[in-house]
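Student: If you scroll down you'll find the structure; I have some questions about it.
The values are calculated or read from the model by the stated rules, or taken from the named source; none is laboratory data. Computed from a predicted structure; not experimentally measured. All Cβ positions, glycine included, derive from the backbone under ideal geometry; neighbour counts span all protein chains shown.
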Amino acid sequence: MQKRRTISQRSELIYDIHNFSVNADTRELFLNPDYNVENDEAEVDHRMAVTLIKNITFLNSQNDNPIIVHMCSCGGSWEYGLAIYDAIKSSQSEVYIITYAHASSMSSIILQAGDYRILTNNSYVMVHEGSDWWEGTTKGLITYAQQAKKANEQMFDIYLERCKNGPYFKTNKMSDLRIRNFLKKQMEKKQEWYLSVEEAVQYGFADYILGSKNCPSISDILSV
């Protein structure tokens, strides 16, 4: 039986969760913005990336039990999103990512780093090609456009790696090239491709819907 915490210990735990986005006891991380900074959007930024990298590195140094990442973000920075993606992908411990509200834009890419990708019932996934603005010289614009094109292909590489195991593509026995073209066509046609939790699982953007028959519960994961 777990020893009951003192009021002081509970206060410290709550403080760590809200200020450092980690519950070290249960190996849970919280991927959300820093609310001490003026920001109306739950965007991925350098603060979120640095916090996640520190926390996941610390948890991996303790043992190799599973880690749960609770993600609530609307997307954001490409570069810092990839930093988070790489940190999760390289974790020696298995990582379960649970998505709340939506996995949109960059957060849909971060989701693909999880060993197990779980969507809450009323969430959704939105994927689209990258967009940005540019201010500078014409030569700089050309260089930037070339880099943006590479980033776009990198995004499709990340999606393809996971989506090809989706039930829809496996049932239809589609090749990697056909799947890639399918994903590109959907994003070109719809610009922003919204998927329900059921569609996201079918197309391989996620593995489970939280609470569904085959999905491990949070308590099951924590008991490992």
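Student: What are the pairs with Cβ atoms under 6 angstrom where one residue, in the stretch 191-212, is buried (at least 21 other Cβ atoms within 10 Å of the Cβ) and the other, located anywhere, is part of a loop (DSSP other than H, G, I, E, B) and hydrophobic (A, V, I, L, M, F, W, C)? Sequence gap at least six, or different chains.
Tutor: Ala200/Ala206
Student: I would also like to ask the following. Check the stretch 109-122 and report whether any residue there is over 12 Å from the mean Cα position of the chain (by Cα) and either of a type in the set (Gly, Ala, Ser) or surrounded by fewer than 12 Cβ atoms within 10 Å (Cβ to Cβ) (or both).
Tutor: Yes - at least one qualifying residue is present in the stretch 109-122.
Student: Take the stretch 25-55 and flag every residue that is modelled with pLDDT under 95, surrounded by fewer than 16 Cβ atoms within 10 Å (Cβ to Cβ) and of a type in the set (A, V, I, L, M, F, W, C).
Tutor: Result: Val37, single match.
Student: I would also like to ask the following. For the structure I just gave you, tell me whether Ser104 is free of Cβ contacts under 8 Å to residues at least 60 places away in the same chain, surrounded by 17 or more Cβ atoms within 10 Å (Cβ to Cβ) and in contact with a strand residue (DSSP E or B) (Cβ under 7 Å, 6 or more places away or on another chain).
Tutor: yes
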